[in-house]
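Notes for the one structure printed next.
The values are calculated or read from the model by the stated rules, or taken from the named source; none is laboratory data. Computed from a predicted model, the values in this text were never measured in an experiment. Cβ placement follows ideal geometry from the backbone for every residue including glycine, while neighbour counts extend to all protein chains displayed. Surface accessibility is based on the protein's heavy atoms, side chains included, excluding ligands, DNA and RNA. Shrake-Rupley method; radii C 1.70, N 1.55, O 1.52, S 1.80 Å.
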Amino acid sequence: MTADASAQITELTVDDHACLTFGEAEELFDVTAAFVRDGLAGGLKVMWLSDAGPGPAVTELARRGIKVKPAVDAGQMTAAGCEGRLLSGQVFSADRAIGWLTRQLASSRELGFPGLRIAVDMSWALRPVTGIEQLPEFEEGIAGALAGTTASVLCQYDRDRFDAVTLASVAAFHTRSVATATYHADAVLRICRQYAPPGIRIAGEIDYQAEEPLTLALAEAVRLDGDITVNMGALVFIDAFCARMIADTARMLAASRTVVLQCLPEVAAGFARLGLDGLPGVRLVTARER
């Protein structure tokens with residue numbers, strides 16, 4: 001089974017075994033939040049196994065507008081570490097891990113959930129773990145366990161930390177390759193789609209030379225989303241030309257939709273000078289307020 005062309009996280013359906021290769025923590029949390037959000041909205045049981053453990057995972061989901069606590073309290077959402085599930089100490093067994101997955105599938109059915117979504121941060125596999133050579137066997141086993149079910153699994157690999165051989169060895173067992181829609185990416189600037197909350201994310205430094213990708217990103221956000229967020233929390237410089245482009249888009253939407261501009265204080269000050277501070281329908285949120 002080979003991976004399809006890159007899919008958006010919002011396109012995943014039942015029995016998908018998807019592979020997300022991410023390049024930064026913000027991308028991982030954003031895509032996972034959308035995966036969790038859509039699962040909860042569909043009434044599914046949702047789990048996230050993260051090396052960070054339940055505390056940071058819940059915090060990051062809540063920061064992106066996911067109503068995690070009520071879902072956890074109701075038993076619909078679980079955030080946990082990999083220990084005791086995929087791992088036993090520093091020992092990994094593909095058979096044991098697949099056994100755990102099979103039990104989760106059965107449990108979600110017994111509890112009356114129409115389906116199950118599990119996100120798995122695979123960073124644990126970067127540690128010196130006995131049995132790690134069974135990783136391809138584990139991925140193949142997931143594909144088999146999901147066949148004919150209403151469950152989906154999102155395996156998350158850091159593309160900068162996992163070697164190309166490992167990534168290639170597990171790729172064949174995934175039905176989907178998930179990627180963030182990216183409008184521009186180089187050493188200075190990254191513009192990409194944001195899924196939770198919906199909008200776009202801009203990081204680095206941006207000036208008039210990025211007019212084309214910025215126009216496309218804003219246009220798609222306006223067309224595809226309701227209220228939108230322009231996340232500039234990692235943007236350290238923006239010139240007047242691009243600031244006006246974003247400000248004009250915010251003014252256009254403010255009459256009927258909410259626009260949130262998340263940015264560093266110095267960037268927020270520039271938008272305030274353009275008259276966005278206090279404008280109905282527009283919220284300027286600095287990094288400290290987040």
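Quick notes on this structure:
- Ratio Rg/Rh [Cα only; Rh per Kirkwood] for region 26-171: 0.95
- Exposure ranking of 236, 165 by accessible area [1.4 Å probe, largest first]: 165, 236
- Length-normalised contact order of region 78-217 in % [C-alpha pairs under 8 Å, at least 6 apart]: 18
- Tilt relative to the chain, helix 94-110 - C-alpha long axis, 0 to 90 degrees, to 10: 70
- Computed from backbone phi with θ = phi - 60° and the Karplus coefficients 6.51, -1.76 and 1.60, the 3J(HN,Hα) list for region 56-65 is x, 4, 5, 4, 5, 5, 5, 5, 9, x Hz; x is used for glycine and proline.
- Summarising the amide proton neighbourhood of residue 206: residues at separation of 5 or more, or on other chains, whose placed amide H is nearer than 5 Å comprise 237, 238, 239.
- Relative contact order of the chain: 20 percent, from C-alpha pairs under 8 Å at least 6 residues apart in sequence.
- Two-decimal log10 I(q)/I(0) for region 195-290, as the Debye equation yields it once each C-alpha is a single scatterer, q = 0.10, 0.15, 0.20, 0.26 Å⁻¹: -0.21, -0.50, -0.95, -1.73
- Loop sites in region 24-110: trypsin sites (Lys or Arg not before Pro), DSSP, at most 16 other Cβ within 10 Å: 67
- What region 79-182 shows is 42 Å² of accessible area per residue, with the surface traced by a 1.4 Å probe over protein heavy atoms.
- Overall dimensions of region 33-77 by Cα: Rg and Dmax, Å: 9.5, 26
- Ratio Rg/Rh [Cα only; Rh per Kirkwood] for the chain: 1.00
- Taking amide H positions as modeled 1.01 Å from N, with prolines and chain starts lacking one, the residues under 5 Å from residue 48 and 5 or more places away or on another chain are 78, 79, 80, 119.
- Taking all protein chains as they are arranged and a probe of 1.4 Å, the heavy atoms of residue 10 leave approximately 70 Å² accessible to solvent.
- Across all Cα atoms of region 115-266, the radius of gyration (one decimal) and Dmax (whole number) stand at 19.7, 58 Å.
- Derived scalar couplings between HN and Hα for region 185-190 equal 8, 8, 5, 9, 9, 9 Hz in order, rounded to whole Hz, by the Karplus curve 6.51 cos²θ - 1.76 cosθ + 1.60 (θ = phi - 60°), x for Gly and Pro.
- Summed side-chain charge close to residue 48 - residues other than residue 48 whose Cβ falls under 12 Å, Lys, Arg +1, Asp, Glu -1: +1
- Of the solvent-accessible surface of region 178-290, computed with a 1.4 Å probe over protein heavy atoms with every protein chain present, carbon and sulfur atoms account for 54 percent.
- Taking the helices alone, the chain has a mean residue ellipticity at 222 nm of -11500 deg cm²/dmol, built from -39,500 (n - 2.57) per DSSP H run of at least 4 residues and averaged over all its residues.
- Of all DSSP-defined beta bridges confined to the chain, some 20% are antiparallel rather than parallel.
- Distance between the modelled labels on residue 147 and residue 80, one decimal in nanometres: 2.7 nm (7 Å Cα→Cβ projection).
- Between the Cα long axis of helix 211-224 and the first principal axis of the chain there is an angle of about 70°, rounded to the nearest 10.
- Rg/Rg_ref, region 131-209, where Rg_ref = 2.2 N^0.38 Å and atoms are Cα: 1.46
- The C-alpha atoms of the chain define a longest principal axis, and helix 25-41 lies at about 70 degrees to it.
- Counting only protein heavy atoms and a probe of 1.4 Å, the accessible surface of region 109-160 is 51% carbon and sulfur.
- Cβ-derived FRET efficiency at R0 41 Å, residue 10 paired with residue 162, nearest 0.05: 0.95
- Charge tally around residue 130: other residues with Cβ under 15 Å, Lys/Arg +1 each, Asp/Glu -1 each, net -2.
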